[in-house]
Every structure is written in C-alpha cells, then in structure tokens.
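Enquirer: Below is the structure I would like to discuss, written out as structure tokens.
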Amino acid sequence: MADSRAPPGHPVKTLDIHTHLLNPAVKFERLFDRLAVRFFARRLGIEPARLRADPYGAYVQAMADALRASRQVERACLFPVDARFDTRGRQTHRDPTVCAFTEDVLAVAARHPDCFIPFLSVNPQRPDALELLEQYAQLGCRGAKFLQNYWRLDLNQEKFVPYYEKLRDLGLPLVIHLGSEFAIDSSTRYEGNDMLNLPLACGVTVIAAHMSLGRIEHRLLPWRNLSRDPHFFDRDYFRLLEMLERHPNLYADTASILVPLRARALPHLARQHQVHHKILFGSDYPVPFTIGFNTHGLPREKVRRIAAIENPFDRYVALMLEYFPAGNPVYSNYRKLLPDF
C-alpha cells in the first residue's frame, strides 16, 4: 500500500487557497476529462468506478475525504466558476464540467464545514452582480473567483469599477486566472497581467493565480517551453514578480504549478525570497499533476518517495517542501487574507 504519511521532518499545516468544485451535472465526456479520469483519478484520491457511476457525488466525497485524511492541508478554499454572459446580461454558455454556481459551493461547504471555505463566482456582466456579491458574502463566502479568459472579458472596463469597489468594501479577495488554460475553452487575450490593473487600482486584494506561467511561447523550438533556463520562461512571470513588490494588495498562488509547463520555474521561484511573503499555497485540485515525469528537476530517489504518498494534498505539499521548506511564509500567508482560519 502506498504511504499516505507526510515526509518525516517536514511538519506543515496549511490551507489550500485554490481548489474547484465541478458542475453538478458533470459526466466527464470531453476528451480532456476522459483522459484525466483514466490516468489520474486514483492519484487524486478518487475511485474510478465510483466516479463513473456518480461523477459529482464521488468527486465531492473523495475531495472531502482527502482533506480530512491530509496531515498537511487542513482546509481548502472551494471555487465555483460562473457562466459566460454577454453585454446585455444574457447567459451565453455554461461549461458542463467546470461551471459550478456559487449556490453549489455553499451547499457543499455546508455539508463539509470542516473541509471547505466557500468562495463566490459572479460574472460582472450579470445585471444583478452587485446584489449577488452582497447576498453571497452574507451567506458566508470569503472570496471571489474570476475566470475571465473563459468569460472573454476585459477586466479593465470602467463599468466594472462599482463591482470592484463592492468587493473591496466587503473585504473579499479576488482570485484572477493568469497564464495558460487547457481545461476549458478560453481566450489568451484575457489571461495576461494587464487583467490585474483596474482591480488593483480600485483597492481590491487580488490573488494572481498560477504565477502567470504555462503558456506555450516557443513554437519553433518547442522544447524551450519545458526548459528550466529562466531565459525561456513566460515573460509575464517576471513582470508578476515585479508587481508583487510594487502593489501591497497583490498576492499570487502556486495553483497547478506542478504541471510540467509551470513546474520548471519552481527552482527559480524558490530563490525569489523578496516575494515569498506574497505567495499563497494552492493546488488547483482536481487539475492532474505528475511527480515522476516533470520539469522540476528533483533527483529520482526523492521523486519516487514523494510519488508514493497516497494523499493528493500531502503529495503536493511534499514536493513544494523541497523548494519552500517548513517555516516558509508560503504556507502561512493565507492568514493575511483569511485571519479566521
């Protein structure tokens, strides 16, 4: 049996700032979903047969069970993703896998209050967006999630200023997706660092998700996209490091940083001590990640030991500990945004 214990000598108790609920009607019929279920279900703590028989129920229960069993991660912030709306406030698309509504997250958090901290997702194109922010905050949501590249939304439109001011006044941090996206149809036009500008200017506490990493920028010499040479990293990654130093209300998270297109930056990020007080631990569960076939550069012996850890949250933390040792603020920075946890 695989060893579910945390690595000896590395005691860490943290909060996962970035996890996702799936659409309650999810069926795992898309090619990406079928591949993920086939190859990664067990490694995410999900029994494949149960997942096929009851996709949503099995997913939620497995995630809650994994958090309760984790020796490293005590709770997780659970995200919905709102649907796409047009400029007239009409819903135009709802992804059948990724889009869960805020009500779904609140229901799951109510069933598993020891595991999940609910966040909201309200597309600012909704005509009742401001009222929904108030309502969900009163119901217990502790932050907000944007997937504006899926929504095809420029976040710097002046009409969104009242929305950002409402988030600021409610004290809700806003998670904004940056960098590549492969799990849902989206537009690269809306995934750059410029999406941070207006929310930051309005005083919102912003979490830049994914460290602006993961784009395929080198198409003629594609191996450079997996190189650990910083010369070949995403340019926005370096700009984000600078922004983290300039903006007191800007943070970033490590969600899905263990996928190969992002993991190559781990050694470099570990040396950027000047921003470690602004980085939050996040996994992006259920985005699948690999330990053995990756670009992080760890020795094989360590890779085998970490890969043997059964619990997906503890396995993620174990690899992060190789770059951010116990005691690093990455594991405790969440208290600056969520002081009650």
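All of the numbers you see were taken from the coordinates with simple rules; none came from a lab. Just so it is clear, the model here is predicted, and its values are computed rather than measured. Every residue, glycine among them, receives a Cβ derived from its backbone with ideal geometry; neighbour counts consider all protein chains shown.
Enquirer: Sequence-distant or interchain residues sharing an amide H contact under 5 Å with TYR251, placed H: which?
Expert: Sorted by chain and number, the residues that satisfy this are VAL206, ILE207, ALA208.
Enquirer: Provide the three semi-axes, in whole Å and in decreasing order, of the ellipsoid equivalent to the chain as defined by the square roots of 5 times the Cα gyration tensor eigenvalues. Write out the running numbers ahead of the final one.
Expert: Working: eigenvalues 159, 114, 82 Å².
Computed over the chain, the values are 28, 24, 20 Å.
Enquirer: Mind running the shape call on region 214-331? Use the C-alpha gyration tensor, a ≥ b ≥ c as the square roots of the eigenvalues: rounded below 1.5 for a/c, prolate if a/b tops b/c, oblate otherwise. Don't jump to the answer; show the numbers that get you there.
Expert: Values: a/c = 1.80, a/b = 1.11, b/c = 1.62.
It is oblate, given that a/c is not under 1.5 and a/b is not larger than b/c.
Enquirer: What is the Cα centroid distance between region 52-103 and region 297-340, reported in whole angstrom?
Expert: Rounded to whole Å, the Cα centres lie 23 Å apart.
Enquirer: Taking loop as defined by DSSP and a crowding limit of 10 other beta carbons within 10 Å, which GluC sites (Glu not before Pro) in region 151-240 fit? Walk me through the numbers on the way to the answer.
Expert: Working: sites: GLU158, GLU165, GLU181, GLU191, GLU217; in loops: GLU181, GLU191, GLU217.
Answer in residue order: no site qualifies.
Enquirer: Continuing with the same structure: For region 235-277, what is the per residue volume of the convex hull drawn over the alpha-carbon atoms, in cubic angstrom? Working shown, then result.
Expert: Values: hull volume 3.1 nm³, N = 43.
Residue-normalised Cα hull volume stands at 73 Å³.
Enquirer: Summing +1 for each Lys or Arg and -1 for each Asp or Glu, what net charge is found among the other residues whose Cβ lies under 15 Å from the Cβ of ILE216? Intermediate values should be presented prior to the final figure.
Expert: Working: positive: ARG215, ARG219, ARG224, ARG235, ARG262, ARG264; negative: GLU181, GLU191, GLU217, ASP234, ASP236.
After counting each charged neighbour, the total is +1.
Enquirer: OK, next. Under 5 Å between amide H atoms, partner at least 5 residues away or on a different chain: which partners does ILE309 have, H built in plane at 1.01 Å?
Expert: Amide H to amide H, under 5 Å and 5 or more residues apart or across chains, ILE309 pairs with nothing.
Enquirer: So if I take the alpha carbon set of region 112-201, get Rg, then get Rh from the Kirkwood formula, what is the Rg over Rh ratio?
Expert: Expressed as Rg/Rh, it is 0.97.
Enquirer: Additional query: Please sort by residue number the trypsin sites (Lys or Arg not before Pro) in region 179-241 whose DSSP state is loop and whose Cβ has at most 15 other Cβ atoms within 10 Å.
Expert: Numbers: sites: ARG189, ARG215, ARG219, ARG224, ARG228, ARG235, ARG239; in loops: ARG215, ARG219, ARG228.
Within region 179-241, the qualifying trypsin sites (Lys or Arg not before Pro) (loop, at most 15 other Cβ atoms within 10 Å) are ARG219, ARG228.
Enquirer: Continuing with this model, one more query. So what is log10(I(q)/I(0)) for region 139-243 at q = 0.10, 0.13, 0.14 1/Å, when the Debye sum runs over its Cα atoms only?
Expert: -0.32, -0.51, -0.59
Enquirer: Among GLY214, GLY45, GLY57, which one shows the highest mean-square fluctuation when the chain is modelled as a Gaussian network with alpha-carbon springs under 10 Å?
Expert: Per the Cα network of the chain with a 10 Å cutoff, GLY57 tops the list.
Enquirer: May I pose another question? Mind listing which trypsin sites (Lys or Arg not before Pro) in region 52-161 are in a DSSP loop and have 11 or fewer other Cβ atoms within 10 Å? Don't skip to the answer; put the middle values down first.
Expert: On the way: sites: ARG52, ARG68, ARG71, ARG75, ARG84, ARG88, ARG90, ARG94, ARG111, ARG142, LYS145, ARG152, LYS159; in loops: ARG71, ARG88, ARG90, ARG94, ARG142, ARG152.
Sparse-neighbourhood loop trypsin sites (Lys or Arg not before Pro): ARG88, ARG90.
Enquirer: Return one quarter of the surface area of the convex hull spanned by the alpha-carbon atoms of region 53-136, equal to its mean projected area, in nm².
Expert: Working: hull surface 25.3 nm².
The number I arrive at for region 53-136 is 6.3 nm².
Enquirer: Let me ask you something else. For region 28-175, what does the alpha-carbon gyration tensor say about shape, rounded, prolate or oblate, given a ≥ b ≥ c as the root eigenvalues, a/c under 1.5 as rounded, and a/b over b/c as prolate?
Expert: oblate
Enquirer: Also, quick follow-up: Cα-Cα pairs above 16 Å in region 25-84: how many percent? Numbers along the way, then the final one.
Expert: Values: 889 of 1770 pairs.
Summing the P(r) tail past 16 Å for region 25-84 gives 50 percent.
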